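The values are calculated or read from the model by the stated rules, or taken from the named source; none is laboratory data. Since the model is a prediction, treat every value here as computed from it, not as a measurement. Neighbour counts run over all protein chains shown; Cβ positions are idealised from the backbone, glycine included. Just the protein is used for accessible areas: all its heavy atoms, side chains included, with ligands, DNA and RNA removed. Shrake-Rupley method; radii C 1.70, N 1.55, O 1.52, S 1.80 Å.
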Amino acid sequence: MTHTKIVEVLSLDPVLQEVHIKGWVKAFRSNRFIALNDGSTINNIQCVVDFENTDEAILNEITVGAAIAVKGILKESQGQGQNVEIEVQSVEILGKADPEEVKKTILSPKRHSLEKLREQAHLRVRTNTFSAIMRVRSKLSFAVHQYFQENGFNYVNTPIITGSDAEGAGEMFKVTNFDLKNIPLDENGKIDYKKDFFGKETNLTVSGQLEGETYALGLGQIYTFGPTFRAENSNTSRHLAEFWMIEPEVAFCDLDGNMDLAEDFIKYVINYVLENCDDDLAFLENRQAQEDKSKPEAERAPMALREKLKFITENNFKRVSYTEAIDILKNSKPNKKKKFNYVIEEWGADLQSEHERYLVEKHFQCPVILFDYPANIKAFYMRLNEDGKTVRAMDILFPGIGEIVGGSQREERLEVLQEKMKAIGIDEKELWWYLDTRRFGTCVHSGFGLGFERLVLFATGMTNIRDVIPYPRTPQNAEF
Ligand code: 4AD
Ligand code: MG
């Protein structure tokens, strides 16, 4: 490397050593003080220019957004707000940024709304907020791998193109090679997928679970971490059409073990960012506090960001059955006063995010694991309980987020699974390979899926999922 990262320079002893750095200009005050950032840290380094001895043409090109290289001497700072600064010996302009053009973009140094930043998502990573979010996101991914690797899990890459709808919700993006103006039909006038690229109907995966299960039933413990796709037309602050999911799957593990794993895993990764992203978290915490000032009391975050994260790592998640949750909801004030959009009338109702958030934020005031849901509101692969009407499902609900994890113990009994598939109209021929795992050495096994962006949302204190992924894909939006 021909230069040193700013994060390293900032931690050096200011013993008059020469340093060479590169970065983008954040501010240039009084023709003298450059605030430079290279993305390695939320903190800028101050570079002090001797303007009387610097070429006028160069001074004019030190503008916000420009890329420059600086050589100079690291010194103890005289000014406030930093320990060290660089006394500049030479500046080289690497990439100019025309101030008039910069003014039209989000690079201009003033407050821009998050909506505006989304429109210029290719530039928003140059802002403090987005560089902080993306560094936290990166650390979180690393922590995910570290947790599973340290605990003997194998990383499995399940296919992105698949013929199955793991969740059975029909929210799939089709994958085809057909000329859309000339789609081949069979003798019955139906689309002839035999003539398509794969010789069958295919889609982008909604979940790697089914393939993940087959690998867990051989490797013992696996996890996936990859992109998943859902064509659900949900324009909410919690839904993306393309999101990253982490799906561990464990052989010889029941639902209790699954809950233990999920809780331990989440605590580990949150603790990891607490220990490794303090500068960014401090910045995001302050940002959230500023935002909250303009919000009504009821919408403000009840805890500061790092306090909230510590709370997660230090407290047990509350485990509550669906049946208990329904009782709590039925007797709750908003239900009795018909304040919920969906009033809970009876056992069997599907829980909406308003109900989940009531349970977590108002009633329990801590993360909640709901388990043993009614069979008919959950996916086909979940293990049927002795009562014949509930399944060994679990959802983890988080304050401010709602559902962050969905998982279950899987139905390992061939006949029960076949019966279930028949009842809801899933063709056995399509999933012959999945059923084989129940024919040859079937066993109790469990797993879950955690939506990575919902985790990043929680860890950064942001409130819209579009702001925690570089290029969000949502209905009517696939720019960049
Ligand atoms: O609850 P889901 O649909 O469960 C599954 O896909 C199972 N196959 C997982 C498993 O057992 N292996 O999705 C799991 C998680 C949700 O809890 C949520 O965090 C996230 O994925 N998620 C989404 N995140 C962003 N945008 C969307 N549209 C999401 N849909 C689900
Ligand atoms: Mg779910």
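Can you tell me which of (1) surrounded by 21 or more Cβ atoms within 10 Å (Cβ to Cβ); (2) within 14 Å of Phe153 (Cα to Cα) is the one Leu284 doesn't meet?
Looking at each condition in turn, Leu284 falls short on (2).
Exactly one condition in (1) open to solvent by 50 Å² or more (accessible area, probe 1.4 Å); (2) touching a Phe, Trp or Tyr at 6+ places or on another chain (Cβ under 6 Å) is not met by Glu119; state its number.
Looking at each condition in turn, Glu119 falls short on (2).
Among the residues of region 155-168, what is the count of those that are at pLDDT below 95 and either of a type in the set (Asp, Glu) or loosely packed, with under 13 Cβ neighbours inside 10 Å (or both)?
Residues meeting the conditions: 2.
On the basis of being surrounded by 20 or more Cβ atoms within 10 Å (Cβ to Cβ), within 9 Å of ligand 1 (Cβ to nearest atom) and among the charged types (D, E, K, R), does Arg410 make the cut?
It is true that Arg410 is surrounded by 20 or more Cβ atoms within 10 Å (Cβ to Cβ), within 9 Å of ligand 1 (Cβ to nearest atom) and among the charged types (D, E, K, R).
Is one or more of the residues making up region 462-480 within 16 Å of ligand 2 (Cβ to nearest atom), within 25 Å of Gly220 (Cβ to Cβ) and of a type in the set (A, V, I, L, M, F, W, C)?
Within region 462-480 (the criterion being within 16 Å of ligand 2 (Cβ to nearest atom), within 25 Å of Gly220 (Cβ to Cβ) and of a type in the set (A, V, I, L, M, F, W, C)), the answer is no, since none of the residues qualifies.
Could you grab the pairs with beta carbons closer than 7 Å, sequence gap of 6+ or different chains, first residue in region 341-356 and modelled with pLDDT of 95 or more, second one among the basic types (Lys, Arg)?
Going by the 7 Å Cβ cut-off, the qualifying pairs are Ile344/Lys330.
Mind counting the residues in region 376-392 that are free of Cβ contacts under 8 Å to residues at least 24 places away in the same chain and surrounded by 21 or more Cβ atoms within 10 Å (Cβ to Cβ)?
Matching residues across region 376-392 total 1.
What are the residues in region 197-216 that are aromatic (Phe, Trp, Tyr) and in a helix (DSSP H, G or I), if any?
Within region 197-216, the first condition is being aromatic (Phe, Trp, Tyr), and the residues that meet it are 197-198, 215.
Result: Tyr215, single match.
Here's a check for you: in region 199-254, which residue that is open to solvent by 10 Å² or more (accessible area, probe 1.4 Å) and of a type in the set (Phe, Trp, Tyr) is nearest to ligand 1 (Cβ to nearest atom)?
Among those residues, the one meeting the criterion is Phe243.
Of all residues being under 18 Å from Ala216 (Cα atoms) and in contact (Cβ under 8 Å) with a residue 24 or more places away in the chain in region 418-433, which is nearest to ligand 2 (Cβ to nearest atom)? Just the residue, please.
Leu431
Only residues in region 39-59 that are under 17 Å from Gln89 (Cβ atoms) and in contact (Cβ under 8 Å) with a residue 12 or more places away in the chain count as the first member; pair them with residues that are open to solvent by less than 50 Å² (accessible area, probe 1.4 Å) and of a type in the set (Ser, Thr, Tyr), Cβ under 9 angstrom, at least 6 apart or cross-chain, and list the lot.
Matching pairs, first to second residue: Gln46/Ser77; Val48/Ser77.
Any chance you could count how many residues in region 127-150 are touching a strand residue (DSSP E or B) at 6+ places or on another chain (Cβ under 9 Å) and open to solvent by 80 Å² or more (accessible area, probe 1.4 Å)?
So the answer is 1.
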